[in-house]
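Here's the structure, in structure tokens; my notes come after.
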Amino acid sequence: MHQADRMTSSEQRAASSLAAVFAFRMLGLFMVLPVLATYGSSLRDATPLLIGIAIGAYGLTQACLQIPFGMLSDRIGRKPVIIGGLLLFALGGLVAAQAETMQGVIVGRVIQGAGAIAAAVMALVADLTREQHRTKAMAMIGMSIGVSFAVAMVAGPVIAARAGLQGVFYSTSALALVGIILVIWIVPTPEQALRHREAGMVRSAFLPSLRNKDLLRLNYGIAVLHAILMASFVAIPLALQEQAGLPREEHWWVYLSALLLSFFAMVPFIIYAERKRQVKRVVLGAIVLLALVQPMMWLGMGSLPWLVAAIVLFFVGFNLLEATLPSLLSKIAPAGGKGTAMGVYSTSQFAGAALGGLIGGAVFGVWGLGGVFLCCALLAVSWWAIGVTMSEPPYVTSYRLPLSLALAGDETLPRRILAVPGVTEAMVVAEEAAAYLKVDTQVLDREALDRVVNPA
């Protein structure tokens, strides 16, 4: 392998340190999820509705500020936006930690959600890595999110057992401060902020993204998935404690077991989906699993073994969808529109989280735990009804190829690129001196493509 084909030490440092920054923030965000319903009930003015709102409150500000903060980073730089977002997250943790009422916790969670740095982090990754290594860097961040979620589900109950809910929120602030240190002293500073359509928002692609029916189905799906997650965690911790008789201090082993088992269970399905090109079948099957496991939790919540088995199956479905949907978006998004599509997708995800917490709390207050599980099942069924109408996605990969200034201005270039076997879409952006492609890697004639984009 040539030296140019390897990630440089600067690229490796950028990818690993940004993955760590994202992991610390996600760890702080989700650490509260498994403990707020059980430990928050002792706070003054706590009601099922307010607990549900507190669980998903971060999603409201996150959804509103995700895209604007990404655009702001194009103007003032990535690092100032990321540091500012982490400071807001740390402040929100302190506000929630010192709150004596559930309303105070909600305020803290809203402030935490205002630290919306995902778009700026992705853009910074694009600034600091070359085209051929960007997918690796993005994959590292994706893995860090999965690992941080798993760690948070275990760490939350462990910390709460020793330091209470207050200690959990203080821990989230400490994690944000560690992230700030990494951004200032470890993450490299790019020479310039690049406009990259695969990693950032482009205004001209925004309305087409909203009109794309396949992307709209996907946005609805990720919103429902996170609504189910937040609503379920209004009910699951209470079902473990009040119905199955497991003390809240011991909930950590349930989540640890469920996440480990679900990880190994979902891997074969991910491999099958990609290698056999059966993503639609796997996604619909996982949605059905989410729908079926909800009544299973409701009917079996009086038995600890039965409830734990249902929680394992819940995480199999959830983690499988969480891992598969971004890949599906990458296949569906038009050439040059992936970054914009991802921004809308993330906004939908956080809006779903906010709505799920609200629905879970409201339903629990009126119909109890069974009502929450039934509501989650109905949400999954609605998603399946919409998802079943989608076509099998094209099995393509997104490329961004740099061009010479002279070649970028050639009006015939898109047509010549599309004539290359395996290229399904092509978009040339002259001001960026780059071509955005969608290609089927199993068919692509790489030598022919290279001759077209590098004629010299």
Candidates Ser346, Ser398 - the one that is open to solvent by less than 30 Å² (accessible area, probe 1.4 Å), in a helix (DSSP H, G or I) and either under 25 Å from Leu210 (Cβ atoms) or of a type in the set (A, V, I, L, M, F, W, C) (or both): Ser346
Return yes when Gln66 is in contact with a helix residue (DSSP H, G or I) (Cβ under 6 Å, 6 or more places away or on another chain), at pLDDT below 95, buried (at least 21 other Cβ atoms within 10 Å of the Cβ) and in a helix (DSSP H, G or I) and no when it is not. yes
Check Ile51, Ile55 and return the single one that is at pLDDT 95 or above, within 20 Å of the chain's Cα centre (by Cα) and either of a type in the set (D, E, K, R) or within 15 Å of Phe233 (Cα to Cα) (or both). Ile55
Does at least one position in region 7-26 carry a residue that is in contact with a Gly (Cβ under 9 Å, 6 or more places away or on another chain), surrounded by fewer than 24 Cβ atoms within 10 Å (Cβ to Cβ) and hydroxyl-bearing (Ser, Thr, Tyr)? no
Please work out if Ser382 is assigned to a helix (DSSP H, G or I), surrounded by fewer than 18 Cβ atoms within 10 Å (Cβ to Cβ) and touching a residue at least 40 places away in the same chain (Cβ under 8 Å). yes
From the list Leu207, Leu194, which one is crowded, with 16+ Cβ neighbours inside 10 Å, of a type in the set (A, V, I, L, M), more than 21 Å from the chain's Cα centre (by Cα) and at pLDDT below 90? Leu194
Subset tally (residues that are within 19 Å of Arg134 (Cβ to Cβ) and charged (D, E, K, R)) for region 401-438: 3
Filter result (open to solvent by less than 50 Å² (accessible area, probe 1.4 Å), small (Gly, Ala, Ser) and part of a helix (DSSP H, G or I)) within region 32-63: Ala37, Gly40, Gly52, Ala54, Gly56, Ala57, Gly59, Ala63
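The values are calculated or read from the model by the stated rules, or taken from the named source; none is laboratory data. This structure is a prediction, so every number in the text was calculated from the model and none was measured. No Cβ is skipped: glycine too gets one built from the backbone with ideal geometry, and neighbour counts run over all protein chains shown. We work out accessible area using only protein heavy atoms, side chains counted, and drop any ligands, DNA or RNA first. Shrake-Rupley method; radii C 1.70, N 1.55, O 1.52, S 1.80 Å.
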